[in-house]
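Read-outs throughout are calculated quantities, based only on the coordinates presented, and are distinct from any laboratory measurement. Small disclaimer: the values here were computed from a predicted structure and weren't measured. In this analysis, Cβ positions are derived from the backbone assuming ideal geometry, glycine residues included, and neighbour counts consider all displayed protein chains.
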Amino acid sequence: MNLIARQNGHGGKFWNPLLTATGEPRATVELTSLRTLWINTGTLCNLTCENCYIESSPTNDALSYISRAEVRAYLDEIAQLDLGVSEIGFTGGEPFMNPEFLEMVTDCLETGVRVLILTNAMRPMMKCATALLRLQVEFGDRLILRVSVDHFDKRLHVEERGKRSWEPMIKGLQWLSQNHFAVAVAGRTRWGENEQELRDGFAKLFAQIAVDVDARDPVSLILFPEMDVNADVPEITTACWSTLGVDPDDMMCASARMVVKRKGAAAPDVVACTLLPHEAEFSYGATLAGSLGAVALNHPHCSKFCVLGGGSCSG
């Protein structure tokens, strides 16, 4: 049961997975093909951000470190079921803090898929610089690192991530670019600028710090809408697809799932998407096979981030 359901009580918004609060059929999204499998490496992070949707911090281990063996089991299942996964994404927390992380990345790359790593590009990543360079030489552009730069203005980035978060991130981003890694950047829209203003500002920053990222490309610079479980957002009905001109096949849960390892759990769990790691109704058990059905859009993030915000964590 999610937070909104508990707040509103029975019959409120986001309570019934089949019907909205007004009794209309709730929208669902069918998994068309599992193209991206996300692996959450654990919620531990070197930063405590102001508005982290997963509440990562140096002390939050609600999602434990997943192990190399556990990740390999999912790679085996992908092969056995011939699921056609073309991308493995790693998120956290800060993935580079997981002690088995580089071995997991290597195992994934060796299967022939693309690997996308979400990172703050700070000290945990730079401690792995030598090993990362070896992977870049061997696998080239199949290894992509997406660096979190919340805003092109240092003052606003630091407002979100803390006083000592800017310079180390800039150095890590420059190092990645100078060593010809495939690099992308993730920014945020929380401060109210329009997309053009944000892309113009990031373009100036990238030019100033000599980083090879195209701020005009929505894949190279992805701008995430904000998430707030307490926001009053509309529920998505089956009629909304045509009303909004949105294709359900474009939703993240039409092509992706995420694996998490909850603290104290005997095994990892597969969940509907990267945004809902703790919600029981979006969990499908330990196997990918059990997660291949439809997802009911029964959470505020489904509405605000994905359908109305157009957000997607995949590249």
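Stretching the chain fully between D250 and T32 yields a gain of 77.5 nm (0.36 nm per residue, less the alpha carbon separation).
Give me the dipole magnitude in Debye, nearest 20, for the range 77-150 about the Cα centre, with unit charges on the beta carbon: positive for Lys and Arg, negative for Asp and Glu.
Working: 6 positive and 11 negative charges, 75 e Å.
Taking the Cα centre of the range 77-150 as origin, the dipole is about 360 debye.
How do 118-128, 295-305 rank on mean C-beta neighbours within 10 Å, highest first?
Numbers: 118-128: 20.7, 295-305: 24.9.
Averaged packing, sorted descending, gives the order 295-305, 118-128.
Measuring max minus min along each principal axis, the C-alpha atoms of the range 161-315 give extents of 46, 43, 28 Å (largest first). Taking amide hydrogens as placed 1.01 Å from N in the peptide plane, the amide H of G89 sits under 5 Å from those of L37, W38, I39, L116, each at least 5 positions away in sequence or on another chain.
Applied to the range 30-44, the Karplus parametrisation 6.51 cos²θ - 1.76 cosθ + 1.60 on θ = phi - 60° returns per-residue 3J(HN,Hα) values of 7, 6, 6, 6, 7, 8, 10, 10, 8, 10, 8, 7, x, 8, 5 Hz, with x for Gly and Pro.
Residues in the range 99-114 carry Karplus couplings, in order, of x, 9, 4, 5, 5, 4, 4, 4, 4, 5, 4, 5, 7, x, 7, 7 Hz; the curve used is 6.51 cos²θ - 1.76 cosθ + 1.60 with θ = phi - 60°, and Gly or Pro positions show x.
When only Cα pairs under 8 Å and 6 or more residues apart are kept, what is the percent relative contact order across the range 150-293? About 14 percent, as a whole number. Entry note, the range 151-235: relative contact order of 32 percent, from Cα contacts under 8 Å with a spacing of 6+ residues. Each of G172, A186, N298 was scored by the projection of its Cα onto the charge dipole of the range 164-312, and the greatest displacement toward the positive side belongs to G172; charges sit on the C-beta of Lys, Arg, Asp and Glu.
Expressed as a rounded percentage, what relative contact order does the chain have, with Cα pairs under 8 Å and six or more residues apart?
Numbers: 611 pairs, mean separation 77.1, N = 315.
Once normalised by length, the contact order is 24 percent.
For the residue pairs K13/K261; K127/K204; K127/K304; K204/K261, alpha carbon separations beyond 31 Å are given by K127/K304; K204/K261. Equivalent-ellipsoid semi-axes for the chain (Cα gyration tensor, √(5λ), whole Å, largest first): 30, 24, 18. Picking from C253, C52, C108, which is most flexible by a Gaussian network model of the chain using Cα springs under 10 Å? Answer for the Gaussian network model of the chain: C52.
A Cβ-based charge dipole, computed about the Cα centre of the chain with Lys and Arg at +1 and Asp and Glu at -1, lands at about 760 debye.
A protection proxy built from the mean count of other Cβ atoms within 10 Å ranks the segments 164-173, 273-282, most packed first, as 273-282, 164-173.
Under the 0.36 nm per residue contour assumption, what length would be gained going from the current alpha-carbon distance of E197 and D82 to full extension? Don't skip to the answer; put the middle values down first.
Values: separation 115, 0.36 × 115 = 41.40 nm, distance 4.33 nm.
Gain on stretching E197 to D82: 37.1 nm.
The orientation-averaged projected area of the convex hull spanned by the Cα atoms of the range 208-292 comes to 9.5 nm². A convex hull fitted to the Cα coordinates of the range 10-81 yields 170 cubic angstrom per residue. In the range 1-136, the C-alpha radius of gyration followed by the widest Cα-Cα span (Dmax) gives 18.5, 57 angstrom.
Simple rule: put +1 on each Lys or Arg Cβ and -1 on each Asp or Glu Cβ in the range 234-292, find the dipole, and look at P268, G245, P234; the Cα lying farthest toward the positive end is P268. Helical runs assigned H by DSSP (4 residues or longer) give the chain a calculated mean residue ellipticity at 222 nm of -8000 deg cm²/dmol, each run adding -39500 (n - 2.57) before division by the residue total.
With +1 on each Lys and Arg Cβ and -1 on each Asp and Glu Cβ, how big is the dipole of the range 1-157 about its Cα centre, in debye rounded to the nearest 20? Provide the component values of the computation, followed by the final result.
Numbers: 14 positive and 19 negative charges, 93 e Å.
Dipole size: approximately 440 debye.
Beta bridges from DSSP with both residues in the chain: antiparallel share about 25 percent, rounded to the nearest 5.
Annotation: amide H-H contacts under 5 Å for V185 (H modelled 1.01 Å from N, sequence separation of 5 or more, or interchain): V147, L221, I222.
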